[in-house]
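Asker: Submitted below is the structure of interest, expressed as structure tokens.
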Amino acid sequence: MRRIDGLSMVGYKTKATFHAKIIFLTAKGREVEIAKGLALGADAYITKPFSNTALVAKVKELLETTYEEAGG
């Protein structure tokens, strides 16, 4: 089975016919890595360790913006 890393996976988002939000949950927290992930199309980048509260807040934020973008 071929393994795909998160940065490669973001590229599929731009080719997809559906709209998906992408949140990176990663231990890679250097500024250059964060910038690269966001530049490639990630909607959020959360580094480990993270709190459940922070993750839930980010998911809620993305859901709200998605709802607003859809005209809700």
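Asker: Where the second residue is charged (D, E, K, R) and not in a loop (DSSP other than H, G, I, E, B) and the first is modelled with pLDDT of 70 or more and lies in region 1-20, which pairs have Cβ atoms under 9 Å and are six or more apart or on separate chains?
Answerer: LEU7/GLU33; LEU7/LYS36; HIS19/LYS13; HIS19/GLU69; ALA20/LYS13
Asker: Take the residues in region 38-72 that are under 12 Å from LEU7 (Cα atoms) and touching a Ser or Thr at 6+ places or on another chain (Cβ under 8 Å); name whichever of them is modelled with the lowest pLDDT.
Answerer: Here the residue is GLY41.
Asker: On to the next question. Can you pull out the residues in region 29-39 that are of a type outside the set (Gly, Ala, Ser) and either closer than 20 Å to VAL59 by Cα or assigned to a helix (DSSP H, G or I) (or both)?
Answerer: Of region 29-39, the ones of a type outside the set (Gly, Ala, Ser) are 30-34, 36, 38.
Passing the criteria: GLU31, VAL32, GLU33, ILE34, LYS36, LEU38.
Asker: Please work out which residue is farthest from MET9 (Cα to Cα), limiting yourself to region 40-67 and to residues that are over 13 Å from the mean Cα position of the chain (by Cα) and outside any helix (DSSP H, G or I).
Answerer: My answer is SER51.
Asker: Which condition from (1) surrounded by fewer than 10 Cβ atoms within 10 Å (Cβ to Cβ); (2) in contact with a helix residue (DSSP H, G or I) (Cβ under 9 Å, 6 or more places away or on another chain) is the one that GLY6 breaks?
Answerer: Exception for GLY6: condition (1).
Asker: Same structure, new question: Residue by residue through region 18-28, note down the ones that are more than 20 Å from THR65 (Cα to Cα) and either among the small types (Gly, Ala, Ser) or part of a helix (DSSP H, G or I) (or both).
Answerer: ALA27
Asker: Determine which single condition ALA27 fails, assuming it passes every other condition in (1) in contact (Cβ under 8 Å) with a residue 40 or more places away in the chain; (2) in contact with a Lys or Arg (Cβ under 8 Å, 6 or more places away or on another chain); (3) surrounded by fewer than 11 Cβ atoms within 10 Å (Cβ to Cβ).
Answerer: (1)
The values are calculated or read from the model by the stated rules, or taken from the named source; none is laboratory data. None of the values given here were measured: they were computed from a predicted structure. Note: ideal-geometry Cβ built from the backbone for every residue, glycine included; neighbour counts use all protein chains shown.
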